[in-house]
Every structure is written in structure tokens, then in C-alpha cells.
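What follows is a single structure, written as C-alpha cells, with notes after it.
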Amino acid sequence: MTHLQAGLSPETLEKAKVELKENPETLHQDIQEVRDMIITRPDIGFLRTDDAFILRFLRARKFNHFEAFRLLAQYFEYRQQNLDMFKNLKATDPGIKQALKDGFPGVLSNLDKYGRKILVLFAANWDQSRYTFVDILRAILLSLESMIEDPELQVNGFILIIDWSNFTFKQASKLTPSMLRLAIEGLQDSFPARFGGIHFVNQPWYIHALYTVIRPFLKDKTRKRIFMHGNNLNSLHQLIHPEILPSELGGMMPPYDMGTWARTLLDHAYDEETDYCPESYTLSVQDLERDLEKNMSPKTMKRSQSVVEPGVLKRPDKVKSEEDNLQPLLSLD
């Protein structure tokens, strides 16, 4: 076992070996092979390239070097393309703070039987007069950044439960396809986390309509891990034992305190830059912004040939047709 595996229990070490093909004897070589690919993407500012950081991408892609690098590149490219989203990405940011206080996300204290951390979202808590969907997404990404520091969670992953009880038609009308697609790109395509399941409970018909719109943007693996339980909490309990769930989800635990996770982040004053040491940077933020402006100029929009397929890491333009298709379903007029 290397120092990079020091935070793993014996059980998780075995899981990493069997499920992820993690080999302590070749760990540093695996990391270096991913790091060596960085020169193939001069259009991206890789702000962090230390061993521990790259390792989480390898774990997220079962030590497939190419796929791990693709995810690493998409992680930083997503940030370049959405600079405003990542400005002041801190628990003390007003929008993020309010979203966290309303339980976006909630984080249960107990792990499931596979060692996965459970995130819960009670959709009806969204106060659209005080913070936006982007604030919720920022709060979720910040929370994941905090939790993914835990090597146990890098291996075991996460479960997401969304309770749509009392989520109104009016609230749903604010969930545009472009917003949902932004979330999909940030969570599915650009973050080094293993999601073992996404569970919808008490979802109304208009959530099914939204899912139909975003389904084409989901990978097959993601689709297979989305479970629509409706009002049947027994089917949820077959996958996640009620002993660890709050009473709102038919569990045996007390009602969930929405401020629990917010207090955790605020007490630690967590922000994304906490664990970014200066020596781990290859480019400054100023360099990143300057390079972004350069890359967006007409002369440099065409990317150089690289190990990554041309265009696969570009963020697609917003799809107007999906928004048009949704309007008849969620129009308030």
C-alpha cells in the first residue's frame, strides 16, 4: 500500500483492487500516464495536477487512463466555459449559503451498506425568490468537492435521492432544459464521483415530462441508475435500508434537519481553494482567463489535433428545440 492509499480501510482497499483495478505497485505509473496527456490539450488550463488529485479521476473511471484524462480535461474545461459559476465558490456566498440552509444538498450521516454517502434533495424547499437553480448547482458542486477529498468516497461513491413531494408546477416551469443540461454536464460529464444510484420519489407527471426532455443527454450508464419510485417507498427501501433514512422518506431516523450539512461547511469555512496549494498549480487564474479569451477568438476556435477526439469535450450549444418541445408541457399561460 502506498501513501496515496493510506486513507482506505482494508475492505475498501480490496474493493478498489477488485472493482476499480487499482494496483498499488503501478499507482504512480498510472498517475503519471494521465499527467503526461496534459500536453495534448494546450487549450485547457489544468490548475491542479498533483498525484492525489489525479488519483480521484482514475478511480472514477476504473483506472482507464484515457477515460480518466478525458474526465480531468472536462472538469477544467467545464470551469473555463462557466467562469461565473465558479467565482466565489464558497459556503459563505449568499446564494450558496441560502441553498445549503434549505437542504441543497442534504447529506445523511450514515452510509449505505456499500459505504456510499447519501445526498438528499427535498425539491419543494427551493425558494425561487431568494436563490437560483444555478445557486443550487453551485452548492451541490461545492459539497461534492468537499466530500470527494475522502478517499473512501472516491472508491465507494454516492447515492442521490430527490423527493419531489409538494414540488409545484410553477416551480417546475423554472427548470429549463438549458439549466438541467448545465447540471448534467457538471455532474455526469465533468466531476470525478461515482454515483451508484439516483432515486426519484413522489415525482408528479411534469417531472416525468422533464426527464423525457433531458434523457437524450444522459449516458446509458446514468439512465440505468435512475430509479423512478413514485409513491412506492417500499421499492426505495429495497435498495436503501430504511434504518438509515429520515422519516420523510419512510425511514426510521428522525426528520432531516436541513441545516446540518450547511453548518458543517460553514463551520469549516469550506471553499474550493482550501486544498489547492500554490505548488500544485500549473497556471494562474489570470492565465486561465487570458487563455480562455484567446481560445474564444476566431483564429483559435479550431482546436489542434490531439489524443482526444475532436469536439468531444466542447460544451454543446443550448438546444432550442428541446426548450420549444417543453413549452406545451410546462407553460403557465
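Considering the range 5-75, the qualifying helices (runs of 4 or more DSSP H), each wholly inside and each with 1 or more residues that are in contact (Cβ under 8 Å) with a residue 60 or more places away in the chain, run over 10-19, 51-60. Just name the residue that is nearest to M258 (Cα to Cα) out of those in the range 94-109 that are part of a helix (DSSP H, G or I) and open to solvent by 40 Å² or more (accessible area, probe 1.4 Å). It comes out as K101.
Could you tell me how many of the residues in the range 117-169 are at negative phi, assigned to a loop (DSSP other than H, G, I, E, B) and buried (at least 18 other Cβ atoms within 10 Å of the Cβ)? Within the range 117-169, residues that are at negative phi, assigned to a loop (DSSP other than H, G, I, E, B) and buried (at least 18 other Cβ atoms within 10 Å of the Cβ) number 5.
So that you can scan it fast, the table gives a plain yes or no per residue for (1) within 30 Å of R138 (Cβ to Cβ); (2) of a type in the set (V, I, T); (3) at pLDDT below 95; (4) touching a Lys or Arg at 6+ places or on another chain (Cβ under 7 Å):
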position	(1), (2), (3), (4)
T2	no, yes, yes, no
K15	no, no, no, no
Q29	no, no, no, no
R56	yes, no, no, no
A99	yes, no, no, no
P105	yes, no, no, no
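L249 satisfies every condition listed in (1) modelled with pLDDT under 95; (2) surrounded by 14 or more Cβ atoms within 10 Å (Cβ to Cβ) except (1). In the range 28-40, the residue that is nearest to L55 (Cα to Cα) out of those that are out of contact with any helix residue (DSSP H, G or I) (no Cβ under 6 Å at 6 or more places or on another chain) and aliphatic (A, V, I, L, M) is I38.
Only one residue in I31, I38, I44 is out of contact with any Phe, Trp or Tyr (no Cβ under 8 Å at 6 or more places or on another chain), outside the structural domain of A193 (by the TED database) and among the β-branched types (V, I, T). Which one? Of I31, I38, I44, the one residue that is out of contact with any Phe, Trp or Tyr (no Cβ under 8 Å at 6 or more places or on another chain), outside the structural domain of A193 (by the TED database) and among the β-branched types (V, I, T) is I31. Restrict the check to the range 73-86 and report whether at least one residue is surrounded by fewer than 22 Cβ atoms within 10 Å (Cβ to Cβ) and among the aliphatic types (A, V, I, L, M). Taking every residue of the range 73-86 in turn, at least one turns out to be surrounded by fewer than 22 Cβ atoms within 10 Å (Cβ to Cβ) and among the aliphatic types (A, V, I, L, M).
The values are calculated or read from the model by the stated rules, or taken from the named source; none is laboratory data. Only a predicted model underlies this, so the values are computations on that prediction, with no experimental measurement involved. Note that each Cβ is placed from the backbone with ideal geometry, even for glycine, and that neighbours are counted across all protein chains shown. Only protein heavy atoms, including side chains, enter the accessible area calculation; ligands, DNA and RNA are left aside. Shrake-Rupley method; radii C 1.70, N 1.55, O 1.52, S 1.80 Å.
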